[in-house]
Amino acid sequence: MERSRRQRPNPSSSSSSSTRSQSYRRFPSNPTQNSKSPSTNRDAPGLAKPRRAGQEDRDVDDPSNRPLLVGTCPFMCPAGERAQRERLRDLAVFERLDGNPRKTSSDLAVKKFCRTISIRDVQASDMRPLPVLEDTLDYLLSLSDSTEYPFQVVHDFIFDRTRSIRQDLSMQNIVNDKAIYMYEKMVKFHVISLHKLRSCSSDPNISSVHYLNMEQLAKALTSLFNLYDANRCSDSIYENEAEFHSFYVLLHLGSNSQPTGESLSLWFRHVPIPIIKSKEMCFARRILRFFRIGNYKRFLLSAAAEASYLQYCIIEPYISEVRALALSCINNGGYKLHPYPLAHLCKLLMMKESDLVSFCNACGLETNTDEAGNKLLPTKQTTFCCPKGGFQSCSFSGLQPLER
C-alpha cells in the first residue's frame, strides 16, 4: 500500500503483533462488563474493546502459547463446511447453485462466521490464506451493489462473511499492509451501509440491523487503528489513514452517538500529528464543533463543500437534525407579523422548496402562500416538534459531487 510520506517494504504476514512497541486504547472496554467472567459471545451489545492488531470476534488463546497457523484452504469455503451446509440446507441465496437450497459450488459458497472458536480446534485446511481471503473479500464487495435482492439481504450476507474474513486474518496473525488494505475495504462497506440501510426504513427489523452494523464498524475501526500503529514507521502515515481516523470523530455526532467510553480529548493524545493536521481531520473537528454549538449555517455549508462520500454517509442523519434546529430558531425568533419567505429558507437549509414544505409539515409547522404566490413560513407557531419516527431523507442542494 502506498504511504503519503514514506515507503517501506511490507512486513511479513506472519509477524506477531506482540512485537509492537506501543498499543493504544482506541476503543476502551465497557466498564459495566465483568472482566472476570470469560465469555465467548462476541456479539453481546457493549463498547468495543481495544485489541491487538487484527484480533476479531473469537475465543482468544494466550498468544505466548499459540501455535503458528498458516491456512491452506484454496476455496472461499472449506470443503467440509460446504458439504455440511448442503446437507443442512444452510445456504444463503447467493450461494445456491441454480437456486437449489441444497446445492452449491466452490465458486459460490463463502465460509460463515463462527462465534465461538479456538485456534487449537482449527485445522490449517479449514483456514484460508491471505491471497484467498483477498479474492473472497473482492467477491463479497462485488455483490454490494446487487439489485436482485433488497439491500438488507445483501448486507446480512456480506456482514457475516466479512466477519469470517476478519476472524481468519486474526487467527493467522496477519498484520501486514495487505491486511490494512482489507480492513479499510471492510470499514468502507460498513460506512456505506449506514447510508443504504436508511432507505430500508420500512423494514421493522432495520433498527437492530443498523445497530449491529454500527457495532461491527466500531470493531473494524478498532482493529484498523491498531494495524496502523503496529506497522507505523517514524511519522509516516498511510494514504487513507487520516480519513479513516476522521470517521471516529464524526461518529461522536449526536447526543446518543458516543461510540466509546473514552473522551475525544484523551483519544486525540494518541493520534499522530500529521493526522491531526490533515484536511480530513480538520473538517471532522469543525463539523463536530459546529454541531455542538448549534451553528447550523456553518455546519451545512461545510458539509456540502468539504465532505467526502464516506464522511457524508456518517453525517447524513444529522443534516436533518441540524435543519430542524434551524427551523426551530427561525420559528421562535421571527416576528409574527412578518412570515419568513421559503425561498430564503431553501437557500439557508440547502433544500428544494417541495422538500422544505414537507419538512416543515413533519416538524408540525404550517406554511402558506401570499397574494403574489410566494410561499411563507408563519413564525411563532407553538406546534413545532421533531417527528417521532425520524426524518425522511431530503435533498441537499449545494452538495459537491461525491466520489465513492
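The values are calculated or read from the model by the stated rules, or taken from the named source; none is laboratory data. Quick caveat: nothing in here was measured; it's all calculated off a predicted structure. Cβ coordinates were reconstructed from backbone atoms using ideal geometry, including for glycine residues, and neighbour counts include every protein chain displayed. We work out accessible area using only protein heavy atoms, side chains counted, and drop any ligands, DNA or RNA first. Shrake-Rupley method; radii C 1.70, N 1.55, O 1.52, S 1.80 Å.
Which ones in region 73-88 are within 31 Å of the chain's Cα centre (by Cα) and not aliphatic (A, V, I, L, M)?
Passing the criteria: C73, P74, F75, C77, P78, E81, R82, R85.
Looking across region 106-136, the residues that are open to solvent by 70 Å² or more (accessible area, probe 1.4 Å) and in a loop (DSSP other than H, G, I, E, B) come down to D107, R115, T116, Q123. Does G254 meet the test of being on the phi > 0 side of the Ramachandran plot, at pLDDT below 95 and open to solvent by less than 30 Å² (accessible area, probe 1.4 Å)? Answer is yes for this residue. The set of residues in region 191-210 that are more than 21 Å from S320 (Cα to Cα) and crowded, with 24+ Cβ neighbours inside 10 Å is empty. Residues of region 148-163 that are modelled with pLDDT of 95 or more and among the hydroxyl-bearing types (S, T, Y): T162 alone. Counting the residues of region 283-305 that are open to solvent by 20 Å² or more (accessible area, probe 1.4 Å), in contact with an Asp or Glu (Cβ under 9 Å, 6 or more places away or on another chain) and under 30 Å from R232 (Cβ atoms) gives 1. Within the span defined as region 137-151, every residue fails to be aliphatic (A, V, I, L, M), open to solvent by 10 Å² or more (accessible area, probe 1.4 Å) and within 18 Å of A218 (Cβ to Cβ).
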